[in-house]
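The values are calculated or read from the model by the stated rules, or taken from the named source; none is laboratory data. The shown structure was predicted, so the numbers you read here are calculated from the model rather than taken from an experiment. Virtual Cβ from ideal backbone geometry, glycine too; neighbours counted across all protein chains shown.
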Amino acid sequence: MLDIPAAGQPAHPAAPGILVILGASGDLTKRLLMPALLNLACDRLLPEGFAVVGMGRDLMTTEDFRSRQRADIRTFATRARVDEERWMWLESRLHYLSGEFDDAAAFLRLRALVDEVAAEVGATGNTLLYLAISPDFFTLVNRQLDAAGFTQMPGAKRIIVEKPFGKDLTSARGLNQSLLEHWPEEEIYRIDHYLGKETVQNLLAFRLANGMFAPLWNAQHIDHIQISAMETVGVETRGGYYDRTGVVRDMLQNHLLQMMAYVCMELPESLDPATVRDAKSTLLRSVRLMESGDVAGACVRGQYGAGKKADGSAAVAYREEPAVDPQSNTETFAAIRLHVDNDRWRGMPVYLRSGKSLWKRGTEIIVQFRPTAGADANLLVFHIQPFQAVEIRMYAKRPGPTFALQRAGMRFDYADSFEAARGTGYEVLLYSALSGDPTLFSRTDFVERSWEIVQPVLDFWSATPAADYPNYAAGTWGPLAAAGLLTRDGRCWHEILNAAVLSQSAFFAAAPAVLLNNLLLALRPLALEAGADVVVQGALDDCMYFVCRGELVALGAGGTSLGMVREGEFFGEMAVLFDQPRSATVRAITPCDLLVLDGPEFRRIVRDFPHADAEFRRIAVGRRSADEAVTAPDKAIPTP
């Protein structure tokens, strides 16, 4: 049995050491590293024998650097207030040296300053070198560090390398080779900030500590797995970087494959770092590599056009963003189907998707089990961000004398169970690196295999420029072809809603939480292309429809336009309430994202919630009295 540490054991301060930040005058230091260090200081997880030595191209003294960080921490601290006493403790340990990366003498001065500060605070023998710089400088800086004697320092020494780690398989191998020329593998810590998120680490904890799921964790019981990382923002000020990168390099090759490894790997026999990293690398080696002919059928790419931001304001197209090529072929959305060819997962697909300027922000892992007993499939949902939770969507017997099933859910929220302060995600990574624990850092073999997995996709897309860009509007679910990727397999993406989305509507604002929870479990997504009919006049369509994005037109006899159905509106409740044929055809005039409430679920909900039933009937009767049931479709009213 795996030895898991008992609950309640206090965390000890990290080992005494010096954190050397190369590129200390840049954004990463002020936005993420310094707030993370302050959080560790507040939690008493930094030792007394600790100091930071920064080197950057900006001309500053140590006092200037401290003053700048003192001002910036007011903006970027993640806790409700800055603990002044702990900040002053940390600030007193900040040191700075100006220098250019091509100046060998500057690195000699840096080495002398590190030795001096380490002796002063009692941290000799544990040096952490953090490359908070562009990968373009990795080779040069490592050569300078080696020449200045950092690779030969006594005691423990480690170098932290930020992503992106290469831009393709060839460059990643080159970077690895340049690192390994100066550092042994055990001293190279390749950082992925996603692995600092509590819910990502909880993937391993969930599997290790909850043996009831172990017999089900295979393709015999699991139909498929979806891993989604969606953002509402566009590239904003990062256009120059993003146009050289794209979503596959930015998200799939690292973050999503890391999460896939934790979900699908064989459970390690121990928590020894090498054993855990072996299990992750073994899993990636089992992922089937695509041939160029596989890409078109297994992958979808997209680029956002003009649309709406999450707050309803206008959003420009990707090609109109600052520093983006007006003819750019860079993808801002990607969906990929992968297969793991081992005994546990053979025949079961894993779907990865990520994109910018989408309808919601959220990273989720959804494990869909195979359906049984005539009921729909059960889901296990890991909410990674912005909400941190684990949820089971299942079925339960409805209260009453008859045996009837209803969708139900059980959810564990971190915020409801733990008093952990909000962090940057870097706290646990810095703590682990100072303590010499490489578990959460990537090895050479993992990095190179992850590039091998995505390289055929990048090569195929590079050789065949997209002819349909932009192919999704900002603020939507993404390109329609992404839905088709799963539809062809008889599946669909699970668009995970939350109560905050529904309660934005005036119609649902006063609804009790239990009603909202029922709706969240019952709604299903439907993506349509322009020109598709949602309902057809005279048909007995037993569904109600909520318009998330897009516009539709209601058509009467002879194709006469009867009115528009727009975003934030719904239609169809009259046909469901009164069991009547559709009084008009409703057709998409733009690509549309809809949420569908099937008739049986609608009738159950209005039966269980008389207030909602009365409101729907009031609206329907009002439409009938105005003769709308004959001359117009189930006309829209505001709703989510």
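Below are the figures for this structure:
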{"read-out": "Condition met for Arg93 (under 16 Å from Asn39 (Cβ atoms), of a type in the set (D, E, K, R) and surrounded by 18 or more Cβ atoms within 10 Å (Cβ to Cβ))", "value": "yes"}
{"read-out": "Leu379 being within 19 Å of the chain's Cα centre (by Cα), surrounded by 14 or more Cβ atoms within 10 Å (Cβ to Cβ), touching a residue at least 12 places away in the same chain (Cβ under 8 Å) and assigned by TED's automatic domain parsing to the domain that holds Gln220", "value": "yes"}
{"read-out": "Tabulated pairs, segment 109-122, first farther than 15 Å from Thr61 by Cβ, second in a helix (DSSP H, G or I), C-beta under 7 angstrom, 6+ apart or interchain", "value": "Arg111/Phe150"}
{"read-out": "Output for segment 246-290, where each listed residue is assigned to a loop (DSSP other than H, G, I, E, B) and either on the phi > 0 side of the Ramachandran plot or crowded, with 22+ Cβ neighbours inside 10 Å (or both)", "value": "Met265, Met290"}
{"read-out": "Residue match in segment 64-85 (condition: among the charged types (D, E, K, R) and within 20 Å of Phe150 (Cβ to Cβ))", "value": "no"}
{"read-out": "Some residue of segment 610-619 being assigned to a strand (DSSP E or B) and either modelled with pLDDT of 85 or more or over 26 Å from Pro525 (Cβ atoms) (or both)", "value": "no"}
{"read-out": "Cross-chain or 6+ apart pairs with Cβ under 7 Å, segment 289-316 first and under 19 Å from Leu480 (Cα atoms) and touching a residue at least 40 places away in the same chain (Cβ under 8 Å), then hydrophobic (A, V, I, L, M, F, W, C) and loosely packed, with under 12 Cβ neighbours inside 10 Å", "value": "Lys308/Ala314"}
{"read-out": "Yes/no for Ile188 being in contact with a His (Cβ under 9 Å, 6 or more places away or on another chain) and either surrounded by fewer than 14 Cβ atoms within 10 Å (Cβ to Cβ) or at pLDDT 95 or above (or both)", "value": "no"}
{"read-out": "Qualifying position, being at pLDDT below 95 and within 19 Å of Val114 (Cβ to Cβ), among Ala24, Ala6, Ala51, Ala15", "value": "Ala15"}
{"read-out": "Selection count, segment 191-228, where residues are polar (S, T, N, Q) and buried (at least 21 other Cβ atoms within 10 Å of the Cβ)", "value": "3"}
{"read-out": "Identity of the residue in segment 148-191, among the hydrophobic types (A, V, I, L, M, F, W, C) and in a strand (DSSP E or B), that ends up farthest from Leu429 (Cα to Cα)", "value": "Ala156"}
{"read-out": "Some residue of segment 321-329 being in a helix (DSSP H, G or I) and either within 22 Å of the chain's Cα centre (by Cα) or buried (at least 17 other Cβ atoms within 10 Å of the Cβ) (or both)", "value": "no"}
{"read-out": "Test: residue in segment 296-319 that is part of a loop (DSSP other than H, G, I, E, B), in contact with a Phe, Trp or Tyr (Cβ under 8 Å, 6 or more places away or on another chain), at negative phi and aliphatic (A, V, I, L, M)", "value": "yes"}
{"read-out": "Selection count where residues are within 14 Å of Glu529 (Cα to Cα), of a type outside the set (Gly, Ala, Ser) and under 22 Å from the mean Cα position of the chain (by Cα), scope segment 462-488", "value": "6"}
{"read-out": "Checklist (1) within 23 Å of Pro268 (Cα to Cα); (2) assigned to a helix (DSSP H, G or I) applied to Ile227, failing item", "value": "(2)"}
{"read-out": "Any hit, segment 160-174, residues being surrounded by 21 or more Cβ atoms within 10 Å (Cβ to Cβ), small (Gly, Ala, Ser) and closer than 18 Å to Gly436 by Cβ", "value": "no"}
{"read-out": "Number of positions in segment 361-392 that are assigned to a loop (DSSP other than H, G, I, E, B) and in contact with a strand residue (DSSP E or B) (Cβ under 6 Å, 6 or more places away or on another chain)", "value": "4"}
{"read-out": "Leading residue by the ranking (surrounded by the fewest Cβ atoms within 10 Å (Cβ to Cβ)) among those in segment 330-365 that are small (Gly, Ala, Ser) and within 19 Å of Pro479 (Cα to Cα)", "value": "Gly362"}
{"read-out": "Residue pairs meeting the criteria (Cβ under 7 Å; at least 6 apart or on separate chains; first under 13 Å from Thr170 (Cβ atoms), in segment 450-461; second surrounded by fewer than 19 Cβ atoms within 10 Å (Cβ to Cβ) and of a type in the set (A, V, I, L, M, F, W, C))", "value": "Glu452/Leu289"}
{"read-out": "Scope segment 220-275; condition within 24 Å of Lys360 (Cα to Cα), charged (D, E, K, R) and without any contact (Cβ under 8 Å) to a residue 40 or more places away in the chain; matching residues", "value": "Arg238"}
{"read-out": "Pairs with Cβ under 6 Å, 6+ apart, first in segment 467-483 and assigned by TED's automatic domain parsing to the domain that holds Ala317, second part of a loop (DSSP other than H, G, I, E, B) and crowded, with 24+ Cβ neighbours inside 10 Å", "value": "Tyr469/Gln303; Pro470/Gln303; Asn471/Pro479; Tyr472/Gly478; Tyr472/Pro479; Ala474/Ser357"}
{"read-out": "Sole residue being without any contact (Cβ under 8 Å) to a residue 24 or more places away in the chain and closer than 26 Å to Lys30 by Cα, chosen from Asp102, Asp136", "value": "Asp136"}
{"read-out": "Complete set of residues in segment 573-602 that are more than 19 Å from Asn518 (Cα to Cα) and either small (Gly, Ala, Ser) or under 32 Å from the mean Cα position of the chain (by Cα) (or both)", "value": "Ala575, Ser583, Ala584, Ala588, Ile589, Thr590, Pro591, Cys592, Asp593"}
{"read-out": "Residue, nearest to Gln152 (Cα to Cα), within segment 100-125, restricted to residues that are assigned to a loop (DSSP other than H, G, I, E, B), touching a helix residue (DSSP H, G or I) at 6+ places or on another chain (Cβ under 9 Å) and not polar (S, T, N, Q)", "value": "Gly125"}
